[in-house]
1. Which percent of the accessible heavy-atom area of the range 49-95 goes to carbon and sulfur, probe 1.4 angstrom?
2. Report, for the chain, the % of DSSP beta bridges that are antiparallel, rounded to 5.
3. Which aspartates and glutamates have a Cα less than 19 Å from the Cα of LYS75, not counting those fewer than 8 places away in the same chain?
4. Report the chymotrypsin sites (Phe, Trp or Tyr not before Pro) located in the range 40-121 that are in a DSSP loop and have at most 14 other Cβ atoms inside 10 Å of their Cβ, or state none.
5. Express in whole angstrom the spacing between the alpha-carbon centres of the range 101-121 and the range 25-66.
6. In the chain, which longest range has no trypsin sites (Lys or Arg not before Pro) that are both DSSP loop (not H, G, I, E or B) and surrounded by at most 14 other Cβ atoms within 10 Å?
7. VAL40: accessible area at probe 1.4 Å, nearest 10 Å²?
8. Keeping every protein chain present and rolling a 1.4 Å probe, give me the accessible area per residue for the chain in Å².
Amino acid sequence: QVQLVESGGGLVQPGGSLRLSCAASGSFFRLNAMGWYRQVPGKQRELVATITGGGSTNYADSVKGQFTIARDNAKNTVYLQMNSLKPEDTAVYYCNADIVSSIYVPSFSYWGQGTQVTVSS
């Protein structure tokens, strides 16, 4: 059973920083792209950043230069370093991973349970 376990959310003041982590656990054949999305009540979930297995990254325009995504393939973990946080960054952040569970089986998109990030003074 593949699981994505997130950590690192919380309450931070404007201008502060947080680092989110998401570890993939369980048995699987290959971990492809991983990423972070966020959602606020009443709005659709939106892309924050993604990173391929080879390390190529993609960011939403709203977080370019502010957030950095990275991954540790040895630990099956993706990180999101969030700096200069603003109240509008407040959301539930979800980890996503495209995972091949076994050879000859198509990949499947997995989601973490979400972690709350609140930016407020």
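1. Details: 1020 of 2210 Å².
Of all accessible area on the range 49-95, carbon and sulfur atoms account for 46 percent.
2. Working: 40 of 43 bridges.
Restricted to the chain, the bridges split so that about 95 percent are antiparallel.
3. GLU6, ASP98
4. Values: sites: TYR59, PHE67, TYR79, TYR93, TYR94, TYR104, PHE108, TYR110, TRP111; in loops: TYR104.
Answer in residue order: TYR104.
5. Centre-to-centre distance over Cα atoms comes out at 8 Å.
6. Working: sites that count: LYS43, LYS64, LYS75.
My reading of the result: 76-121 is the longest stretch.
7. Near enough 50 Å² of accessible area.
8. Roughly 54 Å² per residue, with all protein chains present.
The values are calculated or read from the model by the stated rules, or taken from the named source; none is laboratory data. Predicted model, so just to flag it, every value in this text is computed and none were measured. Cβ sites come from the backbone with ideal geometry, for glycine too, and all protein chains shown count toward neighbours. Just so you know, the surface numbers come from the protein's heavy atoms only, side chains and all, with ligands and any DNA or RNA stripped out. Shrake-Rupley method; radii C 1.70, N 1.55, O 1.52, S 1.80 Å.
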